[in-house]
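The values are calculated or read from the model by the stated rules, or taken from the named source; none is laboratory data. The structure displayed is predicted, hence computed values, not measured ones. Cβ placement follows ideal geometry from the backbone for every residue including glycine, while neighbour counts extend to all protein chains displayed. Accessible surface areas use protein heavy atoms only, side chains included; no ligands, DNA or RNA. Shrake-Rupley method; radii C 1.70, N 1.55, O 1.52, S 1.80 Å.
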Amino acid sequence: MAQSAILTVGETLPRSFLLAVATRGDATALREKRYGVWNSVSWNGWLERSKEIAYALDAIGFRPGDVASILSNTVPEWLYVDMGVLCAGGVSSGIYPTDSAKQVEYLASDSRTRVLFVEDDEQLDKALDIRDRCPTLQKIIVFDMEGLRDFKDPMVLSLDEFVELGRRHMAGREGLWEEMIASRGPADLAILVYTSGTTGPPKGAMHSHGGVTYQMKHGLDFYPVEGKDERLLFLPLCHVAERLGGYYYSVAIGSTMNFAESPETVPDNIREVQPTAFLAVPRVWEKFYSAITLALKDATPLERWAYERAIAVGYRVADARLAGKPASALDRLAFQAAYWLVLRNIRKMLGIDRCQMAFTGAAPIAPELIRWYLALGINMYEVYGQTENCGIATIMPPDNIKLGTVGKSVPWGEVKISPQGEILIKGDFVFMGYLNQPEKTAETIDKDGWLHPGDVGSIDNEGFVKITDRMKDIIITAGGKNITPSEIENQLKFSPYISDAVVVGDKRAFLTCLVMIDQENVEKFAQERDIPFTNYVSLCRAKEVQELIWTEIEKVNANFARVETIKKFFLIEQQLTAEDAELTPTMKLKRTFVNKKYAPQIDAMYKAA
């Protein structure tokens, strides 16, 4: 019989970490792939590295309450440094590796960063560019010195040099370790998580040690771990989803954290690791579905026939579950055959065959997509929360899934609807406020302690929460019709050819849409049909591609009332990355920004009416 996980959570993050190390010792804490080989690091090994970093910080004058920022992709060093900073009594702040030098300057200045840890020469360039304009910045520490062998700068140290400084500083200062650990209590600031800045400059959400550990204490409440738990970390660790859901929860329940080699290798790495739990944003789940949809186009007639029969059985079993009824004995037997003959291969191809629980959050997702994963036999649950409540506020009950909702309030928090229809959240996990912005804090947390996240929704008589849209995103047409664009956009993104979409129509006579195509899938579509194109712009302008996207839009239009249908669209003719101003670091189109930037194209769609 598999052994249940032991929860290791103390009153602060460092106390939780030390308890985890004492409990698990030489067991594997994390793994990373280098030169084709997965290498393991034990809990003890992690402690040794973070302890050296904490001592090094003290050696350079870093004191409890000071801020250190981490500018890096999701790599093991992120964890070593984060825990080292926290154990030194410091405040840890993450910065997206895709941020520009100007954005890094703003974040480092706003947080009064004393030490900036950077991943490599690319991130070091940003740090060197902004250091003269960041008066609090004292040291820059580089993880990977490849290409910097001959680089010398009094302000810059490699992580190896920094760790060696820490080792030397330990001699004769054994008591300093406990002093640093004891310097912070549950009410003290632990981490800064900056919002993605969709409506202005990013705001630094302040989370206390007690607020974070309060969420960690309930890690096993919604995910009861049996046996060895394996995670794949790949989302940005400066985002609350991976920082709490992938990292801090793993400290609490003892999961092994496997690090993806890079964002590009995630599909390969997940197939290698086959994690037992997987947290991803909707865009990842959408791309997995698109990969299978396109693979079926190249499959043999027999393979397509087998898939259609297998997934039909899966849907019958999933629909019985959604209806709260047991599947028939015949369907259960048929599903076992479908799994071993077909569905198991699809799950392995995606890398989720061992996945006991799959979570989706951080953005809306099409209910039909969740139903497809349930048909594969994957336990997928939608969760809801945001930066300001340090993770999850609602979660789908495993024994009562209601599609189109984000589940019920977690038992350790409260959710209600305001008279204006806004979803309000309350609990010991609500953040301390925004750094340096008391007026914004007052707008977000009311006098009774309720968090106002800005989402509109409802709660049904069973307690299920439905998110309608962002309050500021509700469209009121010229005819006075209230329309929630996210419902339409989610269905559009279900198409393998549409990466993202923004519905337009506020104070307009009808709805139009800005569409970002899925480059890989649309290119494949064009190549298979010998459609000529020379670059991304010509691909978007190709008549056949325009017709393809309109066909996908028409499929979605069929699900909505006439006033809610898209009448015209425009394809964004630029290959966007997280470094572009149109996108947030989590790869979501900024509604306000794209409405302004593409105003001429939007106006043209209405003038031509």
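Residues in the range 310-331 that are among the charged types (D, E, K, R), surrounded by 15 or more Cβ atoms within 10 Å (Cβ to Cβ) and out of contact with any Lys or Arg (no Cβ under 6 Å at 6 or more places or on another chain): how many?
Here the count works out to 3.
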### Query
Within the range 539-554, is there a residue that is open to solvent by less than 20 Å² (accessible area, probe 1.4 Å), part of a loop (DSSP other than H, G, I, E, B) and at pLDDT 90 or above?
yes
### Query
Among the residues of the range 474-484, how many are of a type outside the set (A, V, I, L, M) and in contact with a helix residue (DSSP H, G or I) (Cβ under 6 Å, 6 or more places away or on another chain)?
1
### Summary
Subset of the range 204-227, residues assigned to a helix (DSSP H, G or I), touching a Phe, Trp or Tyr at 6+ places or on another chain (Cβ under 7 Å) and among the hydrophobic types (A, V, I, L, M, F, W, C), comes to 212, 216
### Query
Somewhere in the range 228-239, is a residue open to solvent by 50 Å² or more (accessible area, probe 1.4 Å) and either assigned to a helix (DSSP H, G or I) or at pLDDT 95 or above (or both)?
no
### Message
Take the residues in the range 447-461 that are open to solvent by 40 Å² or more (accessible area, probe 1.4 Å) and not in a strand (DSSP E or B); name whichever of them is farthest from residue 107 (Cα to Cα).
### Response
461
### Query
Can you tell me how many residues in the range 387-414 are at negative phi, open to solvent by 30 Å² or more (accessible area, probe 1.4 Å) and not acidic (Asp, Glu)?
7
### Selected residue (only one of 486, 495 is touching a strand residue (DSSP E or B) at 6+ places or on another chain (Cβ under 6 Å) and open to solvent by less than 30 Å² (accessible area, probe 1.4 Å))
486
### Summary
Quick count over the range 501-521, residues being surrounded by fewer than 23 Cβ atoms within 10 Å (Cβ to Cβ) and closer than 21 Å to residue 573 by Cα, is 5
#### Entry: Unique match (being at pLDDT 95 or above, open to solvent by 10 Å² or more (accessible area, probe 1.4 Å) and not β-branched (Val, Ile, Thr)) among 68, 54, 59
59
### So residue 250, is it open to solvent by less than 40 Å² (accessible area, probe 1.4 Å), closer than 30 Å to residue 336 by Cβ and in contact with an Asp or Glu (Cβ under 9 Å, 6 or more places away or on another chain)
no
### Task
Find all pairs meeting these conditions: Cβ atoms under 8 angstrom apart; at least six residues apart or on different chains; first residue within the range 282-295 and over 17 Å from residue 489 (Cα atoms); second residue part of a helix (DSSP H, G or I) and polar (S, T, N, Q).
294/521
### Query
Cβ-Cβ below 7 Å, separation at least six or inter-chain, first residue in the range 185-196 and closer than 18 Å to residue 87 by Cβ, second part of a loop (DSSP other than H, G, I, E, B) and open to solvent by 40 Å² or more (accessible area, probe 1.4 Å): which pairs?
186/11; 189/432
### Query
So residue 147 fits all but one of (1) outside any loop (DSSP other than H, G, I, E, B); (2) on the phi > 0 side of the Ramachandran plot; what number is the exception?
(1)
### Message
Can you say whether residue 358 is without any contact (Cβ under 8 Å) to a residue 40 or more places away in the chain, within 16 Å of the chain's Cα centre (by Cα), assigned to a strand (DSSP E or B) and closer than 25 Å to residue 489 by Cα, as far as the supplied structure shows?
### Response
no
### Query
Taking the stated definitions as given, is residue 289 at pLDDT 95 or above and either open to solvent by 30 Å² or more (accessible area, probe 1.4 Å) or aromatic (Phe, Trp, Tyr) (or both)?
no
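Against the condition of a type outside the set (S, T, N, Q) and surrounded by fewer than 19 Cβ atoms within 10 Å (Cβ to Cβ), how does residue 417 come out, does it pass?
When the stated conditions are applied, residue 417 passes them.
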### Query
Would you say residue 222 is within 30 Å of residue 292 (Cα to Cα), of a type in the set (Phe, Trp, Tyr), in contact with a helix residue (DSSP H, G or I) (Cβ under 6 Å, 6 or more places away or on another chain) and open to solvent by 10 Å² or more (accessible area, probe 1.4 Å)?
no
#### Entry: Meets criteria (within 19 Å of residue 237 (Cβ to Cβ) and either open to solvent by less than 30 Å² (accessible area, probe 1.4 Å) or assigned to a strand (DSSP E or B) (or both)) for residue 21
no
### Task
Could you run through the range 332-355 and say how many residues are surrounded by 18 or more Cβ atoms within 10 Å (Cβ to Cβ) and more than 19 Å from the chain's Cα centre (by Cα)?
9
### Query
Quick one: what pairs do we get from the range 379-397, first residue of a type in the set (Ser, Thr, Tyr), second in a helix (DSSP H, G or I), C-beta under 6 Å, 6+ apart or different chains?
387/240
### Task
Could you tell me whether residue 162 is open to solvent by less than 10 Å² (accessible area, probe 1.4 Å) and farther than 19 Å from residue 17 by Cα?
yes
### Query
Residues of the range 420-446 being more than 12 Å from residue 457 (Cβ to Cβ), of a type outside the set (A, V, I, L, M), open to solvent by 40 Å² or more (accessible area, probe 1.4 Å) and in a loop (DSSP other than H, G, I, E, B), which ones?
428, 436, 446
